[in-house]
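Engineer: Pasting in a structure now, in structure tokens, and then I'll have a few things to ask.
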Amino acid sequence: MLKSLICATLIVLAMPSLGRAQTPNFQGKTVTIIVGTGAGDLYDLYARAIALFMGKYLPGNPNVLVQNMPGAGHMIAANYVYNVAKPDGLTMGAINAGLYFEQLIGRAEVKFDWTKYHWIGNATKSPQVLYMRADAPFKSIEDVRTAKEPPKCGTTGLSNMGYFVPKLLEETVSAKFNVVSGYQGGNEIDLGVERGEIQCRSLSTEAYFSREPFHTWRKNGFARELAQGGRVRIEKLANVPTIYELMEKYKTPELGRRLATALLASGEFHRPYMAPPKMRPEVVKTLREAFNKTMKDADFIAEAKKKRLDLDPTTGEEVQTLANEALSQPKDVIERLKKLMGQ
């Protein structure tokens, strides 16, 4: 009896140390954030701000550094994190949230499975917004639906949200747009709107609320917003319907709704951070907790404000769910997506 009691006591005493043994320790190590763009890009600026503070929330307080790995529209960085980086918690990635499109349509360059990354968190959301010249005869999406001649929206090409959002509205709520491609960049598109050669454009809310000419346009009433891409209205666009609301209003079939989910999910995890697959659960948990604490850190928030970086964070668990949802599409949705992307 005494022997059994001693054994039980030893087991109980050992349990805390066993728990500690499972907690990863980063002391003396360096955590690297692989960024899919060059230095100075917004992905880089976000990652460097996070790197300044995340280390103090990891056991052992490691250094956190940023390594830029630009090329192929973030594809090189994404493939590196998935296939080359060790699943030891010392490598994270910061890449374009829209890369999952490439997996959905089966691009040969994709060497990853979006759902098998371990998603650590997301720094901000940035749903799309579609704006229209205020003097154009389109005051709402209903006006676009009933127009004899569709409004002209500008875009740089046929593989970005400037093209996808107008086409998605056509697919889901029968609002037709004449999408004019070939502009060299966003500034050129906005100049085209000012000149009157086009009337509308879709872009991220992050861009729309962060720079000119949009500050001036909103002040003088030059532009109005017709639709936004998030699941719920953001505070800055409280009077603008979401595409999901429009689909509800116009009784969009399930196929169209799923297409919208596939296209618009990237706005829900706009600045995501992920780690390689096959990582131990306790390491994933530790990284996620450190990321969440960083997002709430007063000094980090001040640094982000100084750099004019929007913050609207999402937990790693939420991003994981969104990633799974975006990739869980039936064949007919994927075929329609391929058609939209010119495949």
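Engineer: Give the cross-link partners of K219 among the aspartates and glutamates, using a straight C-alpha distance below 19 Å as the criterion and excluding same-chain residues fewer than 8 apart.
Structural biologist: D135, D190, E194, E206, E235
Engineer: Check segment 66-205 and count each lysine pair with an alpha-carbon distance under 14 angstrom, considering only pairs eight or more places apart or from different chains. Please list the in-between numbers first.
Structural biologist: On the way: K148/K176; K152/K167; K152/K176; K167/K176.
Step by step, the pairs that qualify in segment 66-205 add up to 4.
Engineer: Quick one: the Cα spread of segment 267-343 along its three principal axes, in angstroms, biggest first?
Structural biologist: Principal extents (largest minus smallest coordinate, Cα): 47, 34, 16 Å.
Engineer: Quick one: angle between helix 186-195 and the longest Cα principal axis of the chain, in degrees between 0 and 90, rounded to 10, please.
Structural biologist: Between the helix axis and the principal axis of the chain, the angle is about 20 degrees.
Engineer: With everything on Cα atoms, drop me the angle between helix 316-327 and the longest principal axis of the chain, reported from 0 to 90° to the nearest 10.
Structural biologist: Tilt relative to the chain: about 50 degrees.
Engineer: Run the helix sum for the chain: -39,500 (n - 2.57) per DSSP H stretch of 4+ residues, divided by residue count, reported at 222 nm to the nearest 500 deg cm²/dmol.
Structural biologist: Details: 15 runs with 153 residues, N = 343.
For the chain, the value works out to -13000 deg cm²/dmol.
Engineer: A follow-up question, please. For V319, what charge total do you get from the other residues with a beta carbon under 10 Å from its beta carbon, if Lys and Arg give +1 and Asp and Glu give -1? Provide the component values of the computation, followed by the final result.
Structural biologist: On the way: positive: R288; negative: E268, E317, E318.
It works out to a net charge of -2.
Engineer: Share of the chain's accessible area from carbon and sulfur, percent, 1.4 Å?
Structural biologist: The C+S portion of the solvent-accessible surface of the chain is 53 percent.
Engineer: Pairs of Cα atoms under 8 Å, at least six residues apart: use those to get the relative contact order of the chain, whole percent.
Structural biologist: 26 percent.
Engineer: Continuing with the same structure: Report, in listed order, any pair from K251/K296; K29/K236; K56/K306 with a Cα-Cα distance greater than 32 Å.
Structural biologist: Numbers: K251/K296 40 Å; K29/K236 42 Å; K56/K306 20 Å.
In this structure, K251/K296; K29/K236 lie more than 32 Å apart at Cα.
Engineer: Still on this structure, I have one more. Can you give the extra length, in nm with one decimal, that the chain gains between K331 and K116 once fully stretched, where that is 0.36 nm per residue apart less the Cα-Cα distance?
Structural biologist: Length difference between fully extended and current span is 75.4 nm.
Engineer: Continuing with this model, one more query. Taking the DSSP beta bridges in the chain as the whole, what percent of them are antiparallel, to the nearest 5?
Structural biologist: 55 percent
Engineer: Along the charge dipole of the chain, Cβ charges K/R +1 and D/E -1, which of T172, A123, M92 sits furthest on the positive end?
Structural biologist: Of the options given, the answer is M92.
Engineer: For segment 295-301, what does the Karplus curve 6.51 cos²θ - 1.76 cosθ + 1.60, with θ = phi - 60°, yield as ³J(HN,Hα) per residue in whole Hz, taken in order and with x for Gly and Pro?
Structural biologist: 4, 9, 5, 4, 5, 5, 4
Engineer: Using Cα positions and a limit of under 15 Å, work out the aspartates and glutamates in reach of K249, with same-chain residues fewer than 8 apart set aside.
Structural biologist: Straight-distance partners of K249: E142, D143, E170, E171.
Engineer: Looking at segment 245-336, which trypsin sites (Lys or Arg not before Pro) are in a loop (DSSP not H, G, I, E or B) and have at most 10 other Cβ atoms within 10 Å?
Structural biologist: K251, K278, R308
Engineer: Further question: What number does the chain give for Rg over Rh if you use C-alpha atoms and the Kirkwood radius?
Structural biologist: Dividing the radius of gyration by the Kirkwood radius yields 1.06.
Engineer: Enter the angle in degrees (range 0 to 90, nearest 10) between the Cα long axis of helix 331-340 and the first principal axis of the Cα atoms of the chain, meaning the one along which they spread out most.
Structural biologist: Around 50 degrees separate the two axes.
The values are calculated or read from the model by the stated rules, or taken from the named source; none is laboratory data. Computed from a predicted structure; not experimentally measured. With ideal geometry, Cβ positions are generated from the backbone for all residues, glycine too; neighbour counts draw on all protein chains shown. Areas reflect the complete protein model, heavy atoms only, side chains present, ligands, DNA and RNA absent. Shrake-Rupley method; radii C 1.70, N 1.55, O 1.52, S 1.80 Å.
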